[in-house]
1. What length, rounded to one decimal in nm, is gained on full extension from Ala56 through to Ile129, with 0.36 nm per residue of separation minus their alpha-carbon distance?
2. Once the whole set of protein chains is in place, how much accessible area is left on Glu112, using a 1.4 Å probe, in Å² to the nearest 10?
3. Using +1 at the C-beta of Lys and Arg and -1 at the C-beta of Asp and Glu, which of Leu88, Leu64, Gly45 has the Cα lying farthest in the positive direction of the dipole of region 32-96?
4. Using a Förster distance of 25 Å, how high is the FRET efficiency between Asp142 and Tyr35, based on the Cβ-Cβ distance and rounded to 0.05?
5. At a 1.4 Å probe, what is the % contribution of carbon and sulfur to the accessible area of region 89-162?
6. Please report Rg (one decimal) and Dmax (integer) in Å for the Cα set of region 109-149.
7. Cα-Cα over 32 Å: which of Lys52/Lys86; Lys30/Lys110; Lys70/Lys111; Lys74/Lys110; Lys52/Lys74?
8. Go through region 119-162 and name the trypsin sites (Lys or Arg not before Pro) that are in a DSSP coil and have 15 or fewer other Cβ atoms within 10 Å of their Cβ.
Amino acid sequence: MLKRRWKWLAGAACLLSALTVSADELPLSKGQALYLPIYSHIWYGDLDAGGKPMKALLSALVSLRNTSLKTPIKVTSARYYSTDGKLLKEFIPAPKNIPPMGTLELFVEKKESEGGSGANFVIQWEAAIPTNPLLVEAVHTDIQVNRSPAFVTTARAIRQSE
């Protein structure tokens, strides 16, 4: 029995070491297009007589973080789209630089309901030399006395040609 546990622990350790990537192995980039899911509202509860659930509007704080210790990053675009794929707003009308270890914040107000539950950003960035990719997350919340839903979405790199 004890021998079986050691084999299991050794197998788990091997699996974890295979999944672990050292910082030296992380890919660097000179730029990317990133897709970030945004929820300007969420559906919840039971369906009413008309077949619809209740809707809660949310605000979203979008955080664009330069994780490089040395290289500045330039954000060239942050396009906000609705659930239907309609471009609603360009949040970065002129390129903005993020210094090393700096953060740029964008804010989607709670009253903005046009985006819907399937809203999204496509964010484009570039750097002069290969560097750590931009880290982009959105914190969604609706802080109230009785309930305060809060959750985070994370951007994913997408192909710019698609």
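The values are calculated or read from the model by the stated rules, or taken from the named source; none is laboratory data. In this text the structure is predicted, and so the values were computed from the model without any measurement. All Cβ positions, glycine included, derive from the backbone under ideal geometry; neighbour counts span all protein chains shown. Surface accessibility is based on the protein's heavy atoms, side chains included, excluding ligands, DNA and RNA. Shrake-Rupley method; radii C 1.70, N 1.55, O 1.52, S 1.80 Å.
1. Working: separation 73, 0.36 × 73 = 26.28 nm, distance 4.28 nm.
So the chain would gain 22.0 nm between Ala56 and Ile129.
2. Rounded to the nearest 10, that gives 40 Å².
3. Highest projection toward the positive end goes to Leu64.
4. Values: r = 23 Å, r/R0 = 0.93.
E between Asp142 and Tyr35, to the nearest 0.05, is 0.60.
5. Values: 2390 of 4540 Å².
Reported share for carbon and sulfur atoms: 53 percent.
6. 15.7, 49
7. Values: Lys52/Lys86 23 Å; Lys30/Lys110 34 Å; Lys70/Lys111 38 Å; Lys74/Lys110 27 Å; Lys52/Lys74 43 Å.
From Lys52/Lys86; Lys30/Lys110; Lys70/Lys111; Lys74/Lys110; Lys52/Lys74, over 32 Å: Lys30/Lys110; Lys70/Lys111; Lys52/Lys74.
8. Working: sites: Arg147, Arg156, Arg159; in loops: Arg147, Arg159.
Hits after loop and neighbour filter: Arg147, Arg159.
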